[in-house]
Each structure stands twice: as structure tokens, then as C-alpha cells.
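Enquirer: Before anything else, here's the structure in question.
Each reported figure results from applying straightforward, stated rules to the coordinates on display, with no laboratory input. These figures come from a predicted structure and were not determined experimentally. Glycine also receives a Cβ, built like all others from the backbone with ideal geometry; neighbour counts cover every protein chain displayed.
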Amino acid sequence: MPRIKKNEPENIRRSKSVWRAAYFILILLAVGTAWIQLKPDARVVRQSHKQYWASVAVSASRGEITDRNNIPLAVSIPATSFFIDPKYWDPKSADLLVKPFGKNIAMKFSKNLPGRFHWIIRNVPKGKAEKLVNQEIPGLYKINEKIRVYPHKELASHLLGFCDIDDYGQAGIELAWNHILFSPPRTRFLTRDSKGKTLDIMGGKSGVLKNTSGSIRLTIDSRFQQIMEWRLNEAAKATNSSWGAAVCVDPTNGEILALASYPALDPNDRTNLKDQNAVRNNVVGRVFEPGSIFKPITMSIAIETGAANKNSSYNCRGTMKLFDKTMSEVNKKAHGVQDLTHVLMNSCNIGMTIMSMGVPKHQAYGMLKQFGFGEKTEAELFGEEVGLIKSPEEWLGTVPANIFIGQGIAITPLQAVMAIASIANGGALLKPYLVAEVLDSDGKVIHKGGRRVRYQVMSAKTAEFMREAMKRVVSEGGGKQAFSEKISIAGKTGTAQIATGGQYVKGQYVASFVGFWPAEKPKYVMIISLGEPKGARYYGGQIAAPIFKSIAEDISQISPSDEPIGSKVNIEAN
Amino acid sequence: MRYTEFRHEIERPRSSLFVVCFLSVFICAAALGTLRLYGLYLEHRISETASRIEVSRECNLEMSKKYSELLSPARIYSYARKELGMINAENIKTVKVNNSDIMLAKAVVYPLEEKTGFLDYLNPFVRKAHAKN
């Protein structure tokens, strides 16, 4: 039987329109919800981001510094830092921090703290950090960072410098080349679970962070550096010196091969950085009156200005009255009539004083400036001092004579060694450099260090004469303790008094020896300075010359080009 | 009245079209869903690979530290002296040779007719190129 549909009454029809209205409202609500979801309020978005997402800074690896033979001198290794989010942190958990971090740190976090972020400790080694990470303490979080490490500890620490806790260079090469070595930290987005624990569910979107830091290859030879540091430390300790400096350069191109400063410093232990005396790089950051090691330079100025020549002779009677002062020799010993070579061999102050009288002061000042005194050497190191050199207007009375014997002028060991390098290489003052190559993150060379002549400070003939004279200083003169049977060394000793408050203090000296080898065709120029040695022996010829000789002999075991040691013969062309 | 009676017969083709459309949409949605899931799976794998790269990189950094510690001159010197008993050579001598003598020596060492071609350096026994001298 077919079903007969009844006509719907009017009131039911009306109820249908009610349903339609209800549907319409629901649609409106759905559209509204969709609209809120798709176009949310900025404040809501911020709040939700805070709640569910954590942006964690991930430090990138700092660029490597290697020596000329690609031995790494400074590397960055993974480390872990810990922080606390007080929102999720239970102060009762502070007891768990006692064992790994100590009582003081645990005490600090045993009470309610304001804010959302508090560091506990930075850069904990991975092994130590893993124990704590495994405990999963609520509110305690970790961040992976990189810590700068110097694997050879004290080796080359003064030239490498060091970094702060955020891996930013603070001294030495680390600071000078920070723009290449430093890679800024990146942000990695992590999700938080209900307990605030971070989870990396972003996958490939947070991705592998590309390292943008470059690397640096130095001109330093770590073997030379090690030898130099050992010998300098030994000597400084034996003579009880307050400070020491040594630097060895290649006179043909200005490469710094080794650079050492005493007291030594291990930058891996940050508590060592409190000692300002140890942090200072004495090679560039310490100025001192050079004493007699300055004589080869002033003598070459006298020759170049025509005030002296090979036939000049000087009569030394032990003392000499000059203006209101008396110039004298050590122990007032008279050297008699001497030529230029003997003035240098005897380190004769009177001879140099007489010589200074014939040199026009403006010309002498100009040439000293050309030698690089009173200016930075432009080596890639921060904290370099310019030294002190009086202007020609102040060259009155005994000032020129004092400058000619190496007093009344203050220089850095690096300035001295570069000036002597100009004698060794035939008269060219070179710019010293430490960086052989700079590579970008893809290994492409973006900078190369090289020979750069600053001035031609003397003629090749004058340089040759000075080399011969300095060779005789070692073989027959005051530098005999630097004489070696194995290699021919040329050099000059120096013992300078130290001025404090405008007066020279008795018993305080700087003992130095500057020289080069092989004397006939120099390959290395080096200076050794020992500041304020205490004891009976304080002359440069007594304490600095023997170190110079031992370093030179040790280096000769290595160079040239790593030949097998045993029956080694160095062949030199005349 | 007739229209009301046979309405279900008239609507049949429409409903089948609706089912086809619904199925198409469903299949498309399912396909998109599957693709999204596959995308998530790939992302997960990328994440895993990225973390493996990170771990390898960290391992590499640790090893580079160990490597440089092994190359430390202080370690090598002390090992050579203490363990191997090595001392500095005392029989180093400097021989001074005139430039003219060096030129003469060079002239004697190198023959006038230099071998230049690859075949000249081919060792007939091992059939490989060998170094001069």
C-alpha cells in the first residue's frame, strides 16, 4: 500500500526555517573559527610561540688556526651549557646540582627565581655533561656550544691570543682575524612538550647549520716555537727575570717564524687570564731601552749619512765629558783608537758618542723613523706599542749620544728584530707578517701574506759591512758566548739600564742579544731579551747570548727542509 | 503527486554522480594525505641524517683535537729524548762553497741531453712511469 504523504502543516514549515537559521549561525561560527585560525591575533601567536616553540642559539664552530706545516694550534670542540627555566624548575631539585657544579651554584638555584632564563654553567666538557643530561631534571636544559681549545697549551699562546666565553676573539690572532674565524651563532627551533622539555621535531627544516667560518695558516713553525719557548723559559727562570721576549723572523720576506713571551700562559685555563703580566705579549706590547743592540742601527745611520766610513777612527779614553754629563764605558775601560768594526766589537760608548756628533739630528731622526721606530710594525697583532722616540727639537745636550748607545729611546723587540733584519737582507726594512694564508669556509684562499718592503733604509754595501762587523762581534768581540762551531752567528749584545721616574735605577737591566745566522747569507734573525734579571749575571753577553746560540743550534737540527739528522752538512754559497 | 511518487527514480543518476565526485575527492584527499605523510617521513629521515652529520662533525672536531695533541712538538721531543734516547746531532758542519763551484757541480750532475717525454721515463720491467734518478 502506497504511503500517502501528508501535507505538512504550516507550523512545521516554520520550524524548518529555524533549522536553516541554526545552520546559518553554525556556518558563521565555522567561518569565524576558520578566520581566527587563519588570521590570528599577533599577541596570541606570540604567546603560543612562547609556549610551544623554543628558539635555541646553536654556536657554530670557530675557524681553525694552524702553523705553517698545518699542525692545528687552535681548534673548537663541542661542549654543553646548562640553563634553568624557572617556570618548570623545582627549587628542591637544586640538591642534584651540588655534585656536578658545587654548593655555591646549587644554593643560587634553591629558591624561586624571576624570569625564564638563568645560566647555570657554560661550556662543560661533553663527558661530564652527559651524566647530568641523562638525569632529565625538569626545568634544567642544555645548549650545545663550542669551546675554543689550544691543544698545545702554552705553545704560541701570546700570538694566538684567546677567546671569551661566547667564542669571540679577545687577543692576538684570534682578535685580529676574528671577522674570518668567528661564525655567528644560529637559531634552531625546537618544540616544547607539556613539561617544557624541548624536542627536535622540525627535522630537515632546522637542518644542518652551514659553517661560515674561515681558517688561518700561520707562518709560525711550531717546532721552532717550541724550542724558543723552552729555551726562553729556562733562561728566564735561571736568571730570575721578570719578563722575557724572543722573536725569530725570516729576513728575506718578513715571515715571523717563532714568537715567545715569558711568563708563559695556558689560555685553556681561564683563571690564568687574570695575570696581566702573563697575558701581555712582550714582543709587541713591551717597550724598553735597547742598549747596545741599537748600535748596529745607529752606526749604519752614521755610515749612510756620511758621518762615518770604513776609515774613520775613534779614540776612547774610558770617559768623556759631554755638556753637563760624563759619558763612560763599562768599568771606565779605555779602548784606545778604534775603527768602526772595533767600536762595535767592543761596544764602545765613547766611540758611538763621538760618531753621533757628526750626524745631523733631523736626518738621524728621519732615518730612525724609516727603520720603523716610533711606529707600529703592522704585524697582525693587537696591543702593539709604537715605542718612544724624542722629536729632533728635544735632541739637546747628551740626548743624541744617548740615543746612539741605545738609551733615551724605547722600542719593542719586534721593531729591533725587523731593523736588524734590514741589515741581514741587504738594506730593506720589511713588514713582518704572521698569516701565510687565509681560507674561507669552502677552503678557497682569500688572502696570502707576502714580502712587503717598507723602506730601503741602507745600501747593500753598508748592510754587508755591518754584517761582517756583527760577525766579528760574535767571533772576537763581546758576543763570544753566542759563538758556535756548528753555525756562523753574527749579532750584538746589549745591556740597558731601566729608567723609572726619569732616573736610571741601579741593579735593574734588560739583557739582550740580537743577531742572525748563517752570517754570510742570513736565513734567520732573532732577538732574545730578558727583563730585570736578578743575580750577579745580568749582561746580555752573559745571559742572552748563550740562549741565542742554543736556539740557533737547535733550529739548525731541523732546517733546512727536514733532512735526516745524523751526518748533516749545511752547504752555503759564498 | 506523480512527481513525488517517482522522484527517487529521477534522482538516481544524480546520486551516482555525487558518489563518483565524492570518491574522486576522497581519493585525492587520501593521495594528498599519503604524500604529506611521505613528506613527513622524508623530513624525519633528513632530520636523522642531519643529526648524524652533526654527531660526525662533533666527533671530527674531537678527533682533530686529539690529532693536534699527538702532533704537539713538546710531546714528540720528549718522546724522542726520553723514550728513544735521541740527542742533538753534534757532527753538523757548514761547508762553504763558491757559487762558481756550485755551477760547475750542477753542470756535472745533469747530462746535456735531458729526457723529457713520458716514454723516456717508462720502466720497461714494471711498465710504469718511474721517478728520475
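Enquirer: Once you average over the residues of B:62-71, how many Cβ atoms of partner chains fall within 10 Å of each Cβ?
Expert: Values: counts 5, 1, 7, 7, 3, 4, 14, 6, 2, 8.
Taking the mean over all residues of the peptide, I get 6.
Enquirer: By how many degrees, between 0 and 90 and to the nearest 10, does the Cα long axis of helix A:10-38 differ from the longest principal axis of chain A?
Expert: 10
Enquirer: Choose one of A:M320, A:N134, A:T33: the residue whose Cα lies farthest towards the positive end of the charge dipole of chain A (beta-carbon charges +1 Lys, Arg; -1 Asp, Glu; about the Cα centre).
Expert: A:T33
Enquirer: Angle between the Cα long axis of helix A:126-135 and the longest principal axis of chain A, 0 to 90 degrees, nearest 10?
Expert: Tilt of helix A:126-135: around 20 degrees.
Enquirer: Describe numerically, in nm with one decimal, the distance between label points set 7 Å from Cα along Cα→Cβ at A:V18 and at A:S110.
Expert: 6.9
Enquirer: Mind checking the angle between helix A:222-238 and chain A's longest principal axis? C-alpha axes, 0 to 90 degrees, to the nearest 10.
Expert: On a 0 to 90 degree scale, this one is about 60.
Enquirer: Please compute the net charge surrounding A:L381, taking Lys and Arg as +1 and Asp and Glu as -1 over other residues with Cβ under 15 Å from its Cβ.
Expert: Neighbourhood net charge equals -3.
Enquirer: Here's another thing I want to ask about it. Can you give the FRET efficiency for A:E385 and A:L96, using 1/(1 + (r/R0)^6), R0 = 51 Å, r = Cβ-Cβ distance, to the nearest 0.05? Don't jump to the answer; show the numbers that get you there.
Expert: Numbers: r = 51 Å, r/R0 = 0.99.
Step by step, r from the Cβ atoms, then E = 0.50.
Enquirer: Using helices alone, what [θ] at 222 nm do you get for chain A, with -39,500 (n - 2.57) per DSSP H run of 4 or more residues, divided over all residues and rounded to the nearest 500? The partial results should precede the final answer.
Expert: On the way: 19 runs with 182 residues, N = 574.
Result for chain A, helices only: -9000 deg cm²/dmol.
Enquirer: Quick check: net charge around A:A246, other residues with Cβ under 11 Å of its Cβ, Lys/Arg +1 and Asp/Glu -1? Please report the intermediate quantities before stating the final value.
Expert: Numbers: positive: A:R231; negative: A:E229.
Taking every Cβ under 11 Å from that of A:A246, the sum is 0.
Enquirer: Report the Rg/Rh value for chain A, based on alpha-carbon coordinates and the Kirkwood definition of Rh. Write out the running numbers ahead of the final one.
Expert: Working: Rg = 35.6 Å, Rh = 28.2 Å.
In chain A, Rg relative to Rh is 1.26.
Enquirer: Mind ranking A:302-314, A:100-112, B:27-39, A:461-473 by how tightly packed they are, going by the mean number of other C-beta atoms within 10 angstrom, highest first? Working shown, then result.
Expert: Working: A:302-314: 16.8, A:100-112: 13.9, B:27-39: 10.0, A:461-473: 20.8.
Descending packing order for the listed peptides: A:461-473, A:302-314, A:100-112, B:27-39.
Enquirer: Additional query: Greater than 30 Å separation of Cα atoms is the criterion. Which listed pairs, A:K376/A:K486; A:K99/A:K146; A:K237/A:K274, meet it? Walk me through the numbers before you get to the answer.
Expert: Numbers: A:K376/A:K486 35 Å; A:K99/A:K146 23 Å; A:K237/A:K274 21 Å.
As for pairs spanning more than 30 Å Cα to Cα, those are A:K376/A:K486.
Enquirer: Would you please put A:538-544, A:237-243 in order of how densely packed they are, using the mean number of other Cβ atoms within 10 angstrom per residue and starting with the highest? Kindly include the intermediate steps, with their values, before the conclusion.
Expert: Details: A:538-544: 25.4, A:237-243: 17.0.
Descending mean neighbour count gives A:538-544, A:237-243.
Enquirer: Obtain the nm distance between the two label points defined at B:V97 and A:A30 by a simple spin-label model: each point lies 7 Å from its Cα along the Cα-to-C-beta direction.
Expert: With each label placed 7 Å out from Cα toward Cβ, I get 9.7 nm.
Enquirer: Taking neighbour counts of Cβ atoms within 10 Å as a proxy for exposure, in what order, fewest first, do A:W395, A:W177, A:W517 appear?
Expert: Numbers: A:W395 19, A:W177 22, A:W517 29.
Ascending number of Cβ neighbours within 10 Å: A:W395, A:W177, A:W517.
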